[in-house]
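Read the figures in this text as sums done on the coordinates, not as results from a lab. In this text the structure is predicted, and so the values were computed from the model without any measurement. Counting neighbours? That spans all protein chains shown, and the Cβs are built from the backbone with ideal geometry, glycine included.
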Amino acid sequence: MRLRGNIHKISGFIIGDAQAERAVPPTGFTARLVVFAAAVMAFLAVFVLALSVSAGKLAERWEAELAQSATIRISAPRGQMQAQTEAALAVLNTTPGVAAARVLSDAEQRALLEPWLGTEMPLADLPIPQLIEVVQTPAGLDTEALRLRLLGEVPGAVLDDHARWRKPLAHAAARLSALGWLLIGLIFGVMAAMITLAANAALAANATVITVMRLVGAKDSYIASAFVRRFTLRALSGAALGMCLGVIGLLFLPSGSAESGLLSGLGFSGASWLWPLGLPPLAGAVAFGATQAAARRTLKELR
């Protein structure tokens, strides 16, 4: 019985009441304003939502990938570099938590330095440290114990577990994700304000019709329901249009790989494509609440 009653209320809300609808202008400035505002805000919300979701995934990826890697930097005279490199590899091969260790080639190290020093710098003549890439097991690595072993057996080796710059990067991406959700809240707050202004304008413009409906016995709740229904459906349709345009716009953005930066990989993937579908119902709920409050307040003032 309760389910049947809810279905009846929903169908009644969608179909509406022809008599009460006379108080709501079907077209005009307020109608266009609500549809336009909902479409624009939903369009912007799609991109902000994509930015927030992408930033959240980027933070997780940085935290997961960088937490499983480390680097050993060996600084020693040329005659001792090979021996200390082999000694460091021997230590790593007997250290629990080390899945793999690889000595970076001269070409790889040169590629790492070229963005900072340029291609014309005689890197072969510089005392460049030898780098060893360390990949950890899922169980993790006791970095303090490894530092002590390297200090005793390989004096020129320094372990860098990337903690100094891993956490700030992941924290920055997480803050960017939180900022995106805040912006979505502000977007729908602006939408609520614009719909409230449009509802107030529509109610004021139809003051004469509302007065006549009151004289024939119509209650304020009956009149308000017509405004709430019309403005809610307008916001819902406008937000659906804006959401579709936003998703189409995302499809034209450059796609990014797992190694690419945030902006080149802006968008949704997998189940996250369902997120934009929640924007039109959210816009409808915002319009419902804003119009309900505006209608009650304005009808009280028109008495």
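Please order F43, F36, F227, F29 by the number of other Cβ within 10 Å, starting at the fewest. Walk me through the intermediate numbers first.
Working: F43 22, F36 16, F227 25, F29 12.
Ordered from fewest to most neighbouring Cβ atoms within 10 Å, F43, F36, F227, F29 come out as F29, F36, F43, F227.
Apply 1/(1 + (r/R0)^6) to the Cβ-Cβ distance of L148 and W275, taking R0 = 30 Å, and write down the FRET efficiency to the nearest 0.05. Show your work: numbers first, answer last.
On the way: r = 47 Å, r/R0 = 1.58.
Calculated transfer efficiency: 0.05.
Label A111 and E301 with points 7 Å out from Cα along Cα→Cβ: what is the distance between them in nm?
Going from the A111 label point to the E301 one covers 6.7 nm.
Could you give the length gained by full extension between A99 and A293, i.e. 0.36 nm per residue of separation minus their alpha carbon distance, to one decimal place? Before the final figure, lay out each step's value.
Numbers: separation 194, 0.36 × 194 = 69.84 nm, distance 6.17 nm.
Full extension from A99 to A293 adds 63.7 nm.
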